[in-house]
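Reading through the structure tokens given below for one structure.
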Amino acid sequence: MATSSTKVVELGFAEPPDNPLTADSFPNKIGGKPAWLNLAHVLTAEDVLCGICKKPMVLLVQLYTPEDYPPEAFHRSIYVFCCKNGACHKTSWRKSLKVFRSQLPKYNPYWPPPNEESNGDDSNEYANCSSEKFTAVNYCVVCGLHGSKKCGKCNKAYYCSKEHQIIHWTSGQHKIHCNTTTPSLDDDNLCSKLVLFPEFEVVSEPEGNLVKDSENGEVDDSLSNLDNGNSRALVPVGDEIYENTQVNVDKAFLKFQKKVEPYPDQVLRYARLDYECEKNATPLWVSDIGKPMPEDIPSCPHCGQERTFEFQILSTLLNYLQVDHMQNDSLDWGLLLVYSCKDNCHVSDKNYVEEILWRQDFSDEGVNWSRFKSI
Ligand SMILES: [Zn+2]
Ligand SMILES: [Zn+2]
Ligand SMILES: [Zn+2]
Ligand SMILES: [Zn+2]
């Protein structure tokens, strides 16, 4: 997913995984249990507690986004956590979404350096590193967060919270499996499915030459000639028409609609810094309103560097999350935007650095469009 030197936006698509999305494959994924980069330090239920319902949130998206600088960001993953309860988001989305950054240097106790370099000095360095003892932590059998509690009867099942212990006891049939040798894997998986978002791999693809970013991130004019006969278009393309005939049109939404139209299944857009021209990437907004103010994206509290836009999650992802759109309190967003420390700063006493997430909602036009798309 990381494309540190390219100018192209990487589009992410949700696909059923071909192989299990295990930590050693450094996956880009949606839902399921987190695949931790740092095997000795994983997030706890307290780290990802929903500020409204006080239950642990679950993994929404994780991306593997290694960077060249600093060396501590050789491995780099971003984890987005989300409360599944749409009512919490209605009360305060700021309290029901969280994003964390986790990084590791090339030589670390958990992962060998890439294959082509695993000879000579490198392998010695790795040998030194890997001989550093680390204690692998226990994971919550239900959600994959740190399992700080365990079943007092069998001392074998670990949990992040009382909440998940109860779910495992009932829905996961641990009341039957506890202290027995009967296999519980199927029941465990069933239980996790109840709690977690369904798991998909994020497969990425450059947006391609069809859609070009001009200087300020505007949609290329050549797009106006595309798909004119497309029945899904809510409006004829071309902003000028609307400037003359309609007062309240949401121009940002029109741009958004045109830009995503060639790849309607995209669920994610990754567009970090353009290192070649040192220009910060800009999000593709779904509306002219609801953009963050500068004070909404504070500088990194650890190094003082600005936080810049890294990627955005689109509303199309909701179609994969088994969200019931008909429900009043269903999970909903126009965009989820992730802003992260521009310098990928290494904080020695923190294994997870919290970054900033911003939600933008659709205007009325966008709402109609997204409802239509989700049918
Ligand atoms: Zn909640
Ligand atoms: Zn748990
Ligand atoms: Zn037990
Ligand atoms: Zn920083």
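The values are calculated or read from the model by the stated rules, or taken from the named source; none is laboratory data. What you see is a predicted model; the values in this text were computed from it and never measured. Backbone-built Cβ (ideal geometry, glycine too); neighbour counts: all protein chains shown.
For the range 235-252, does any single residue satisfy the condition of being at pLDDT 90 or above and either within 26 Å of Val367 (Cα to Cα) or out of contact with any Asp or Glu (no Cβ under 8 Å at 6 or more places or on another chain) (or both)?
Residues of the range 235-252 that are at pLDDT 90 or above, as a first pass: 251-252.
Checking which are either within 26 Å of Val367 (Cα to Cα) or out of contact with any Asp or Glu (no Cβ under 8 Å at 6 or more places or on another chain) (or both) leaves us with 251-252.
The answer is yes, given that some residue of the range 235-252 is at pLDDT 90 or above and either within 26 Å of Val367 (Cα to Cα) or out of contact with any Asp or Glu (no Cβ under 8 Å at 6 or more places or on another chain) (or both).
Looking at the range 24-35, can you tell me whether even one residue there is surrounded by fewer than 17 Cβ atoms within 10 Å (Cβ to Cβ) and either in contact with a helix residue (DSSP H, G or I) (Cβ under 7 Å, 6 or more places away or on another chain) or not hydrophobic (A, V, I, L, M, F, W, C) (or both)?
Yes, because at least one residue in the range 24-35 is surrounded by fewer than 17 Cβ atoms within 10 Å (Cβ to Cβ) and either in contact with a helix residue (DSSP H, G or I) (Cβ under 7 Å, 6 or more places away or on another chain) or not hydrophobic (A, V, I, L, M, F, W, C) (or both).
Could you list, in sequence order, the residues of the range 307-339 that are within 22 Å of Gly32 (Cβ to Cβ) and either free of Cβ contacts under 8 Å to residues at least 24 places away in the same chain or in contact with a strand residue (DSSP E or B) (Cβ under 6 Å, 6 or more places away or on another chain) (or both)?
Listed by number, the residues that qualify are Glu310, Phe311, Gln312, Ile313, Tyr320, Asp324, Trp333, Leu336, Val338.
Taking Tyr64 as meeting all but one of (1) within 16 Å of ligand 2 (Cβ to nearest atom); (2) in contact (Cβ under 8 Å) with a residue 40 or more places away in the chain; (3) in contact with a Pro (Cβ under 7 Å, 6 or more places away or on another chain), write down the number of the exception.
(1)
Out of Asp186, Asp121, Asp221, I need the residue that is under 30 Å from Val260 (Cα atoms), more than 16 Å from ligand 1 (Cβ to nearest atom) and at pLDDT below 95. Which one? Spell out the reasoning first.
Numbers: Asp186 fails: under 30 Å from Val260 (Cα atoms); Asp121 fails: under 30 Å from Val260 (Cα atoms).
Checking each option against the conditions leaves just Asp221.
Take the residues in the range 135-167 that are surrounded by fewer than 17 Cβ atoms within 10 Å (Cβ to Cβ) and among the aliphatic types (A, V, I, L, M); name whichever of them is nearest to ligand 4 (Cβ to nearest atom).
So, considering only residues that are surrounded by fewer than 17 Cβ atoms within 10 Å (Cβ to Cβ) and among the aliphatic types (A, V, I, L, M), the one nearest to ligand 4 (Cβ to nearest atom) is Ala136.
Need pairs with beta-carbon distance below 6 Å; first residue among the basic types (Lys, Arg) and within the range 165-179, second away from ligand 4 (no atom under 16 Å from the Cβ) and at pLDDT 95 or above; sequence gap 6+ or separate chains.
Listed pairs, sorted by first residue: Lys175/Trp169.
Please return the ranges of strands (runs of 3 or more DSSP E) entirely within the range 247-342 where 2 or more residues are among the hydroxyl-bearing types (Ser, Thr, Tyr). Before you say what the answer is, go through the steps one by one.
Details: elements: 268-270, 307-314, 335-341.
Per the criteria, 335-341.
Go through the range 163-193 and give me each residue that's of a type in the set (Asp, Glu), away from ligand 3 (no atom under 13 Å from the Cβ) and over 17 Å from Lys149 (Cα atoms).
Asp186
Which condition from (1) within 16 Å of ligand 1 (Cβ to nearest atom); (2) farther than 22 Å from Tyr320 by Cβ; (3) touching a strand residue (DSSP E or B) at 6+ places or on another chain (Cβ under 9 Å) is the one that Glu72 breaks?
(1) is the only condition that Glu72 fails.
Name every residue in the range 318-375 that is within 16 Å of ligand 1 (Cβ to nearest atom) and among the charged types (D, E, K, R), in order of residue number.
Within the range 318-375, Asp329, Asp332, Arg359 meet the criteria.
What number of residues within the range 284-307 satisfy the criterion of being within 17 Å of the chain's Cα centre (by Cα) and either within 16 Å of ligand 2 (Cβ to nearest atom) or modelled with pLDDT under 95 (or both)? Quick ask: steps written out before the conclusion?
Residues of the range 284-307 within 17 Å of the chain's Cα centre (by Cα): 284, 307.
Next, only the ones that are either within 16 Å of ligand 2 (Cβ to nearest atom) or modelled with pLDDT under 95 (or both) stay: none.
Looking only at that region, the number is 0.
Given the conditions (1) within 24 Å of Cys53 (Cβ to Cβ); (2) in contact with an Asp or Glu (Cβ under 6 Å, 6 or more places away or on another chain), and given that Ile167 satisfies all but one, which numbered condition is not satisfied?
(2)
For the range 330-356, how many residues are within 19 Å of Leu314 (Cα to Cα) and either away from ligand 4 (no atom under 16 Å from the Cβ) or of a type in the set (D, E, K, R) (or both)?
9
Tell me, which residue of the range 139-156 that is part of a loop (DSSP other than H, G, I, E, B) and within 11 Å of ligand 2 (Cβ to nearest atom) is farthest from Gln62 (Cα to Cα)?
Here is the first cut: in the range 139-156, the residues part of a loop (DSSP other than H, G, I, E, B) are 140-145, 147-148, 151-156.
Then drop every residue that is not within 11 Å of ligand 2 (Cβ to nearest atom), which leaves 140-145, 147-148.
On the way: Cys140: 18, Val141: 19, Val142: 18, Cys143: 14, Gly144: 13, Leu145: 14, Gly147: 20, Ser148: 22 Å.
Filtering the range 139-156 for residues that are part of a loop (DSSP other than H, G, I, E, B) and within 11 Å of ligand 2 (Cβ to nearest atom), the one farthest from Gln62 (Cα to Cα) comes out as Ser148.
Collect the residues in the range 151-174 that are modelled with pLDDT of 95 or more, out of contact with any Cys (no Cβ under 7 Å at 6 or more places or on another chain) and among the basic types (Lys, Arg), keeping them in residue-number order.
Lys162
Is it true that some residue in the range 264-275 is buried (at least 17 other Cβ atoms within 10 Å of the Cβ) and either within 16 Å of ligand 3 (Cβ to nearest atom) or among the small types (Gly, Ala, Ser) (or both)?
So far as the range 264-275 goes, yes, one or more of its residues are buried (at least 17 other Cβ atoms within 10 Å of the Cβ) and either within 16 Å of ligand 3 (Cβ to nearest atom) or among the small types (Gly, Ala, Ser) (or both).
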